[in-house]
Structure formats: structure tokens, C-alpha cells
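This report concerns only the one structure given below.
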Amino acid sequence: MTGKERILALFEGRQPDRIPFMPITMMFAADWAGVKYGQYASDYRMLVRAQIETASALDFDYVSCISDPAREAADCGANIRYFEDQPPAIDESDALLADKAKLAGIRMPDPLGGGRMHDRVKAAVALKEQIGREKLVEGWVEGPCAEGADLRGINNLMLDFYDDPDFVRDLFSFILEMALAFAKAQIEAGCDLIGIGDAAASLVGPAIYEDFVWPVEKRLVDGIHQMGGRVRLHICGNATPLLAKMGELGCEQVDLDYLASVAAARAAMGPNQVLAGNIDPVRVLRNGTPQTVSRAVEQCHKEAGERFIITAGCEVPRDTPEANVRAMLEYARLTS
């Protein structure tokens, strides 16, 4: 099987020839290809080259357009700080929606309008053309809680859930419309899978998640499915209290950070949900040895069962030893 065939087989309930291998690599990929991260995040040609070189050398089953969470915010007009060899960062001290009244005046960004969203769409086109028959191509959008934090500031948003719930619902409606348009552009460009990154969701409790966040995530997931896309949900942090509701979203793949137990996720989501993760990216993957990495993957596999994808809990750190990444690959190959 090709990497693309392997992942799709698992998603569709068929038996792949081995466990799929889908580590998130951004800074690691840029370093592998000798590309400064500022270029990787701003020039789709550098991202595409780095993704293809890394995925080909280490036998990943997919390539991804992800680079940083600031693309949508940048095109909305947020203040973004750019660096030569680090990811772009949103300046929360000068959040775009520090004044909530500005929400009514924000122009809905065009994902094909020449901004940072368009750069990601161009990456999807190039990846599909250059390696899309062999590797699955992944796009990415920010989920409602993550993007709300990007536009409003994380501390302000957490207070808004209590102080101004109507504003939060209006903000999330804007974000949903933007995310659906961005996902549509990436699917039409050739993406087989859309990642939804909603890291800030792990910071709210089950009540707020079920009332505010989950309904918007569900509409986003359903909308992507209606477009013919597939969905990878990625919520960083300890999402343990949210696992059951996450499993009800209907995503093809749910990622687990190292703080959320694979066994707990399997118990909460049932036997059919594809789970991915949850190796500690720093203590195990970057700072460990090939032997400790292999043991960690084996434990995840044991807890998840066969509906499982090998990856770390989050991004592979940029200075991770190649041998440690290959240890994950070698475990996958042993399951063939």
C-alpha cells in the first residue's frame, strides 16, 4: 500500500498493511530541509519542499500544510510578529478584538485573496501535484476556541464565557464561517484530510465545552464532510474531561496529547474511533532513546487497539534525534 492508501483503509474500516505513521513535523521538517522557519511559514514552496523531503526520507504516510496557527488571524488583520527562524506569533497584548465592538467590522477574509491563508492553499495544490498519489495530503484550520483566543486573547476569551456569552457565540459564528471557507479552498486544492486545531478547548471544562465549543466544532466537522473531506481533530493539553464528546464529533481521526490517556480515550470513544498519539514529544521522543520511544509506541498501541495511528502527542520538536523518529517508523513496519 502507499501511505495514502494505508491511512484511507484505516479510516474506511478496512485492514491496512501496517499501522499508519503520521507525525506532525513543522520545525523538524524545516531543519531537515535546511530552511529557515520564517521562510517555511511564509513561502509555500519552502514548506512543500521540506515536507516532501522529510516524508520521503522517513517514510511518513502523509504530508501536511500546517506551519502555525496565525494564518487566519493574520488575514483578519491581527498583529502578528514574524521571526527569521521561529514560528510567527500573535501579539496578545494587542489583540485584534481587545475591543469586542470591532467584531462587527471585521471583513471576512478570502482564503484565495493573496494572504497567508492563500499561501496554505497554494501549498495544498503543490503537494497534491508533486506527491499526492503516494502520500495523503493534509490541510489545516483553527477551531473555534483556538481562533477565538487568537483574535480576542486567551485570558479575555475565558472571561467572556461567563461575562458575555452572546459575544462568544457571535465570535464563534464568524470563526465557523471563516473555517468552512478555508477548509473548502484546501479541499478543492487537493487536501484529503483537514486538521482542526483547537488547543484552547482543553482549557475549558466540560460544561463550557458542551455549551459553547462542541456545537461549533460539530458544525465544522459536518461541513467538511459535506464537502467530501475527512477530519483530524487535534486538541493539545489535557482533554480528558472532554473525551466522550470529542468522540461524538464523527472525526475520522482524533489526536491525543500525552496528558490524555489513550486507554481513557478508547473507553470513552468506543472501539471504532481511530486514535492517534500520545507519545510525550519532549521527555520521550526528543530526550529519550530509540528503545524508550519504541516501548512508548507499543504501550499506545496496546491501549488503542488496531484503530490506531502512530504519532507523538503534538509536534515533533525540532532537535529530536533522527533515530528516535525512525524508532516510531520501525514499530509501524513491525506490524505489517
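The values are calculated or read from the model by the stated rules, or taken from the named source; none is laboratory data. Nothing here was measured: the structure is a model prediction, and the numbers come from that model. Heads up, the Cβs are rebuilt from the backbone with ideal geometry, glycines too, and the neighbour counts pull from every protein chain shown.
Laid out as a table, the results:
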quantity: Selection from the range 236-254 of residues that are closer than 18 Å to V204 by Cα and either in contact (Cβ under 8 Å) with a residue 40 or more places away in the chain or part of a loop (DSSP other than H, G, I, E, B) (or both); calculated: C236, G237, N238, A239, L242, E248, L249
quantity: All positions within the range 48-67 that are surrounded by fewer than 23 Cβ atoms within 10 Å (Cβ to Cβ) and acidic (D, E); calculated: E53, D59
quantity: Meets criteria (assigned to a helix (DSSP H, G or I), farther than 21 Å from M117 by Cα, at pLDDT 95 or above and among the charged types (D, E, K, R)) for D222; calculated: yes
quantity: Single unsatisfied condition, E217 versus (1) assigned to a helix (DSSP H, G or I); (2) at positive phi; calculated: (2)
quantity: Per-region count, the range 16-54, residues touching a residue at least 40 places away in the same chain (Cβ under 8 Å), part of a loop (DSSP other than H, G, I, E, B) and over 18 Å from the mean Cα position of the chain (by Cα); calculated: 5
quantity: Boolean, A9 is within 25 Å of D280 (Cβ to Cβ) and surrounded by fewer than 16 Cβ atoms within 10 Å (Cβ to Cβ); calculated: no
quantity: Odd one out for V141, checked against (1) surrounded by fewer than 24 Cβ atoms within 10 Å (Cβ to Cβ); (2) outside any helix (DSSP H, G or I); (3) not hydroxyl-bearing (S, T, Y); calculated: (1)
quantity: Looking only at the range 86-105, and only at residues there that are part of a loop (DSSP other than H, G, I, E, B) and at pLDDT 95 or above, the one that is farthest from the chain's Cα centre (by Cα); calculated: D99
quantity: Positions within the range 241-284 being of a type in the set (V, I, T) and closer than 13 Å to G313 by Cβ, in sequence order; calculated: V254, V262, I279, V282, V284
quantity: Qualifying position, being aliphatic (A, V, I, L, M) and surrounded by fewer than 21 Cβ atoms within 10 Å (Cβ to Cβ), among L151, L159, L193; calculated: L159
quantity: Only listed residue being in contact with a strand residue (DSSP E or B) (Cβ under 7 Å, 6 or more places away or on another chain) and not aromatic (F, W, Y), chosen from L203, L256; calculated: L256
quantity: Among (1) under 24 Å from C145 (Cα atoms); (2) touching a helix residue (DSSP H, G or I) at 6+ places or on another chain (Cβ under 8 Å), the one test that P281 misses; calculated: (2)
quantity: Criterion: under 22 Å from L136 (Cα atoms), among the acidic types (D, E) and surrounded by fewer than 16 Cβ atoms within 10 Å (Cβ to Cβ) - qualifying residue of D222, D255, D211; calculated: D222
quantity: Residues satisfying the stated conditions in the range 305-316, i.e. of a type outside the set (D, E, K, R), part of a loop (DSSP other than H, G, I, E, B) and crowded, with 17+ Cβ neighbours inside 10 Å; calculated: T311, G313, C314, V316
